[in-house]
1. Give me the distance in nm between label points sitting 7 Å out from Cα along the Cα-to-Cβ direction at S17 and R45, one decimal.
2. Could you rank Y93, Y104 by how accessible they are, 1.4 Å probe, largest area first?
3. Quick one: putting +1 on the C-beta of Lys and Arg, -1 on the C-beta of Asp and Glu, what dipole do you get for segment 1-103 around its Cα centre, in Debye to the nearest 20?
4. Arrange the peptides 69-78, 30-39 so that the one whose residues have, on average, the most other Cβ atoms within 10 Å appears first.
5. Can you compute the label reach from T52? Point 7 Å from Cα along the Cβ direction, backbone N cut-off under 15 Å, restricted to segment 21-35.
6. At most 13 other C-beta atoms within 10 Å and a DSSP loop state: those are the exposed GluC sites (Glu not before Pro) I care about. Give me the longest piece of the chain that has none.
7. Only Cα pairs under 8 Å and at least 6 apart count here; give the relative contact order of the chain as a rounded whole percent.
8. Round to a whole angstrom and tell me the spacing of the C-alpha centers of segment 1-34 and segment 74-88.
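The values are calculated or read from the model by the stated rules, or taken from the named source; none is laboratory data. The structure presented is a predicted model; accordingly, all values stated were derived computationally and were not measured. Cβ sites come from the backbone with ideal geometry, for glycine too, and all protein chains shown count toward neighbours. Ligands, DNA and RNA are stripped out before the accessible areas are found, and what is left, the full protein with its side chains, is counted by its heavy atoms. Shrake-Rupley method; radii C 1.70, N 1.55, O 1.52, S 1.80 Å.
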Amino acid sequence: QVQLVESGGGLVQVGESLRLSCAASGNIRSINTMGWYRQAPGTERAMVAIMTESGSTNYADSVKGRFTISRDNAKNTVYLQMISLKPEDTALYYCNADHSGIQYWGQGTQVTVSS
């Protein structure tokens, strides 16, 4: 079992920044990819950014150049730095970990961008 706890969400104005954190605990060995997904009301959960254990990254087109994912393997923590936030970034953000093919999810942290 892997437990994921997100933090860092909140209410910000357009153009502001936020950093999300996700701390993993439990059976953290063999965690491969970690990343962030988001879900806005009425939409499906979608990938925002992911990072493999080796450091390879993949971003949704809508966040490229504005969001940066990073990972501290020593702290078992993954971060999502978000800048130039837009109203369409408003969503519930979920941390994800792939552990030997099994997907684990955090409880989600709300990001609201107000215009």
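1. The two pseudo-label positions are separated by 2.8 nm.
2. Values: Y93 0, Y104 40 Å².
The most accessible residue leads, giving Y104, Y93.
3. Working: 9 positive and 9 negative charges, 29 e Å.
Once rounded to the nearest 20, the dipole reads 140 debye.
4. Working: 69-78: 15.8, 30-39: 20.2.
My ranking of the peptides, most packed first, is 30-39, 69-78.
5. Zone members listed by number: 31-35.
6. Working: sites that count: E44, E53.
With GluC sites (Glu not before Pro) excluded where exposed in loops, the chain gives 54-115 as its longest stretch.
7. Working: 284 pairs, mean separation 42.5, N = 115.
About 37 percent, as a whole number.
8. The two parts, judged by their Cα centres, are 8 Å apart.
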